[in-house]
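Asks: Sharing a structure here in structure tokens format.
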Amino acid sequence: MEHLWLIPALPLAGFALNGTVGKRLPQIAVSLIAVAMPVLSFLWVLKTLSSLGSLETAYIERYFTWIESGALNIGVDFMVDRLTAVMLLVVTGIGSLIHLYAVGYMAHEGGYYRFFAYLNLFMFFMLTLVLGANYLLMFVGWEGVGLCSYLLIGFYFVRKSAADAAKKAFIVNRIGDFGYTLALFLMFVQFGSLDFGKVFAAVAPMPVEHSAGLLTAIALLLFVGATGKSAQIPLYVWLPDAMEGPTPVSALIHAATMVTAGVYMVARSAVIYQHAPLAMEVVAIIGLLTAVLAATIGITQYDIKKVFAYSTVSQLGYMFLACGVGAFAAGIYHVVTHAFFKALLFLGAGSVIHALEGEQDLRQMGGLRKKIPITFAVLCCAWVAIAGIPPFAGYFSKDEILLAAHHHHPWMYWVGVVTAAMTAFYVSRAMFLCFFGQYRGHHHPHESPFIMWGPLAVLAALSLFGGWYFKVPNYLAPLFPLAEGGHEMALVAISVAAGVLGIGVAYVLYVVKPGLADSIASALGGFYKLVYNKYLVDELYDAAVVRPIVHGSRSLLWRVVDVGLIDGCVNGTATLARGVGGVLRAFQSGNIRNYAAWVTLGSVAVLVVLGIAVGGAR
Amino acid sequence: MPSSVPLSWYLILSAILFGLGVAGFVVRRNIITVFMSIELMLNAVNLSFIAFSYQLRQVDGHIFSFFVMVVAAAEAAVGLAIILTVFKNRATLAIDDVSSLKN
């Protein structure tokens, strides 16, 4: 026994402690508990992985039967294979760093203990999601992280926009979960089990479905779940709004870990997807579309966190593109490197926002590189990493994905390259607007404390060297065989050139000739406005889905069904009783002789009836 | 009881007494008179019980009438106590004035 249960149980203990007595504890004790638990969890992961050795085959621990009903048998089982190992390290490692950072970032916020209780609870559910050895246990984590996401987006719940964003995230995710649960039902009906081992063993000998069939349906339904959790078209709309939460939350949940759960799930279900090429194609195309669309929106936004949020959506699109073209290892590789540099981008943005006392508008920044040099330095590391400049983290994973895409369909590669250029452009734009030129705001920027930039430095190192040091595809080779054929240098050079081009264009537009960008925007006119307003997708959903439901609920369900039918039944019963009572009340005169008269009349009536009946019978 | 008196006479007497009781109960306003009317009705019923019992040579009717007497005695005790209390509190024995439960 390796006691895998300790990995999620430690953060759960942190949640239980801070959630119950955290209010009465001093802030230092709350911080200590909150940070110690993920760190201990990380250390336990390291210890477990070192004693489990090479993990060529999956290591499973079975604890107890959770649900037993007829043919359904769900156990609380944890499983570690190489895919899980990668995810565990990312979640606990990045998670610990972000917890540490949050101690500094949240120091002056109300509800300190509540924040860390939720954050620890999130860690628990995320680790359950990753460790679960069947689809239902994974779903427990899946729902749990959704709950924590809801709680943390709505952390500043007195602000209406935050409360609305939290509800939006929750409801949009429910739509995705609907697909996930349907997939589970189909799986159970077909294979009689939800255990990864049993399901995959049953799928493996089945023929590859070249036209839509059962496996395609399961794969697509699972992907519907993934589009919700991992913010893909058409369910990506909640993620940009989720930036209402505190910045460490955006970094941990809405960039590094939770939103990659969908990618992990698709990679975990690789066997199913490999038997459903049609579903793979859908995954690839949705991923690619999302990557392009979100990148174009990211270019136009002025809120620094919104830029990075759309960047996250776009990068998640890349990961699904990788899965869709069959390069699952590349997708997970990008999950890892993206966790490094996107967590860094968000935490760095948080540091900027912290320095400017809550200012998030890029137009109110500028010239900050002298004022907050450490933040600038670490953000530069994330910048080169996401732009795909060799040999930094993003370069390796992005190249793997683009090469795999080229191998699948060359046009996917070209779209990917254009997106890479846009990615480099919008991040550079944010950097230039934030750190170069003249300071346009009116706050007094101050550098963040060590507890904040310490984790940033570690993430910066990971962003620079993590991609080169952690060769995830090689490690995952037993699960996902490496693609044959070497790197084609021309394709690599083109994608790198695209990144450099993006940075160059941004440099020209925002540093050399600062007015040029605005004139281009006004030259594009309507199209720019359309993109700036996020293609009016929110408005479209509002008109097509939200309002019909609201109106239908109001006019039909409320006015007709509730008021008419349900209230009508209740009120009708009362009215009937009152009417009958009104008639009967006349008899209750309170006059005893009156009653006596009625009794007499009644007895006479009984006698008469009896007399007639007896007389008739005779 | 001479056997020459037929059963129907007893029953007719019983019915007349019962009818008087009912009439008194419904018509009279004095509580004590109403109360006496109830006693009259009970005794009218007793008379018919005894008559049937004699006619059928069975003891059941006697037993029934004893029960009725016991109940009547109990009822008299309770009823008179109520009447006394009502008179003490209201200084009236008119039955129509004792209707405060209605409101």
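All of the numbers you see were taken from the coordinates with simple rules; none came from a lab. Just so you know, these numbers come straight off a predicted model, no measurement behind them. All Cβ positions, glycine included, derive from the backbone under ideal geometry; neighbour counts span all protein chains shown.
Asks: What dipole magnitude, in Debye to the nearest 20, does chain A give about its Cα centre under +1 on Lys/Arg Cβ and -1 on Asp/Glu Cβ?
Replies: Numbers: 35 positive and 30 negative charges, 357 e Å.
The dipole of chain A has a size of about 1720 debye.
Asks: Quick check on segment A:158-200: what are the equivalent-ellipsoid semi-axes from the Cα gyration tensor, as sqrt(5λ), descending, whole Å? Before the final figure, lay out each step's value.
Replies: Values: eigenvalues 243, 17, 5 Å².
Over the Cα atoms of segment A:158-200, the ellipsoid semi-axes are 35, 9, 5 Å.
Asks: Counting Lys and Arg as +1 and Asp and Glu as -1, each charge on the Cβ, what is the dipole of chain B about the Cα centre in debye, to the nearest 20?
Replies: Numbers: 6 positive and 5 negative charges, 40 e Å.
Charge dipole, chain B, about its Cα centre: 200 debye, nearest 20.
Asks: Something else now. Restricted to Cα positions, what overall size does segment A:412-571 have along the principal axes? Three whole-Å values, descending.
Replies: 76, 54, 42
Asks: Net charge within 15 Å of A:Val172 by Cβ-Cβ distance, Lys/Arg positive one each and Asp/Glu negative one each, not counting A:Val172 itself? Mind showing how you got there, number by number?
Replies: Working: positive: A:Lys167, A:Lys168, A:Arg174, A:Lys229, A:Lys534; negative: A:Glu143, A:Asp164, A:Asp177, A:Asp241, A:Glu244, A:Asp538, A:Asp542.
Residues near A:Val172 contribute -2 overall.
Asks: Around A:Ala251, under 15 Å between beta carbons, what's the net of Lys plus Arg minus Asp minus Glu among the other residues? Walk me through the intermediate numbers first.
Replies: Numbers: positive: A:Lys305, A:Lys306, A:Lys342; negative: A:Glu244.
Residues near A:Ala251 contribute +2 overall.
Asks: For segment A:497-618, just list the percent of Cα-Cα distances falling in each 5 Å bin from zero outward, please.
Replies: Answer for segment A:497-618: a P(r) of 2, 8, 6, 7, 7, 6, 6, 5, 5, 5, 5, 4, 4, 4, 3, 3, 3, 3, 3, 3, 3, 4, 2, 0, 0 percent.
Asks: Right, here's the next one. What residue among A:Leu121, A:Thr573, A:Thr260 has its Cα farthest toward the positive end of the dipole of the protein assembly as shown, where the charges are +1 on Lys, Arg and -1 on Asp, Glu, each on the Cβ?
Replies: The listed residue farthest towards the positive side: A:Thr573.
Asks: Report the net charge of residues surrounding A:Ala355, where surrounding means a beta-carbon distance below 10 angstrom and charges are Lys +1, Arg +1, Asp -1, Glu -1.
Replies: Details: positive: A:Lys371; negative: A:Glu357, A:Glu359, A:Glu447.
Taking every Cβ under 10 Å from that of A:Ala355, the sum is -2.
Asks: Return an integer: the convex hull volume of the alpha-carbon atoms of segment B:29-94, in Å³ per residue.
Replies: That works out to 45 Å³ per residue.
Asks: Moving on to the next point. Residue farthest toward the positive end of the dipole of chain B, with Cβ of Lys/Arg at +1 and Asp/Glu at -1: which of B:Val68, B:Thr85, B:Leu56?
Replies: Among B:Val68, B:Thr85, B:Leu56, the one farthest towards the positive end of the dipole of chain B is B:Thr85.
Asks: Next question. At a temperature of 20 °C and a viscosity of 1.002 mPa s, determine how fast segment A:192-256 diffuses translationally according to Stokes-Einstein, using the Kirkwood radius over alpha-carbon pairs as Rh; express D in µm²/s, rounded to the nearest whole number.
Replies: Numbers: Rh = 14.5 Å.
D = 148 µm²/s.
Asks: Let me ask something else. Could you list log10 I(q)/I(0) for segment A:122-194 at q = 0.12, 0.25 Å⁻¹, which the Debye formula gives when each Cα is one point scatterer?
Replies: Calculated log10 I(q)/I(0) at the listed q: -0.39, -1.05.
Asks: If you wrap segment A:406-492's Cα atoms in a convex hull and average its projection over all directions, what's the area in nm²?
Replies: Details: hull surface 37.9 nm².
Mean projected area for segment A:406-492: 9.5 nm², to one decimal.
Asks: Using +1 at the C-beta of Lys and Arg and -1 at the C-beta of Asp and Glu, which of A:Met206, A:Val307, A:Met422 has the Cα lying farthest in the positive direction of the dipole of the protein assembly as shown?
Replies: A:Val307
Asks: Another question, then. In µm²/s, what is D for segment A:215-343 at 4 °C and 1.567 mPa s, where D = kT/(6 pi eta Rh) by Stokes-Einstein and Rh is the Kirkwood radius from Cα pairs? Walk me through the numbers before you get to the answer.
Replies: On the way: Rh = 14.1 Å.
This corresponds to a translational diffusion coefficient of 92 µm²/s.
Asks: Kirkwood hydrodynamic radius for chain A: how many Å is it when counted over pairs of different Cα atoms?
Replies: 26.5 Å
Asks: Go ahead and run the numbers for FRET between A:Tyr469 and A:His108, Cβ-Cβ distance against an R0 of 30 Å, rounding to 0.05. Before the final figure, lay out each step's value.
Replies: Working: r = 36 Å, r/R0 = 1.21.
Given R0 = 30 Å and the Cβ-Cβ separation, E is 0.25.
Asks: Over 15 Å apart: what share of the alpha carbon pairs of segment A:53-119 falls there, rounded to a whole percent?
Replies: 70 percent
Asks: Same structure again: Ignoring GluC sites (Glu not before Pro) that are buried or in helix or strand per DSSP, and keeping those with at most 16 other beta carbon atoms within 10 Å, what is the longest stretch of chain A between them? Provide the component values of the computation, followed by the final result.
Replies: Working: sites that count: A:Glu2, A:Glu56, A:Glu109, A:Glu357, A:Glu447, A:Glu484, A:Glu488.
For GluC sites (Glu not before Pro) (loop position, at most 16 other Cβ atoms within 10 Å), the longest site-free span of chain A is A:110-356.
Asks: Roughly how tilted is helix B:7-27, in degrees to the nearest 10 and between 0 and 90, from the longest Cα axis of chain B?
Replies: In chain B, helix B:7-27 runs at an angle near 10 degrees to the longest axis.
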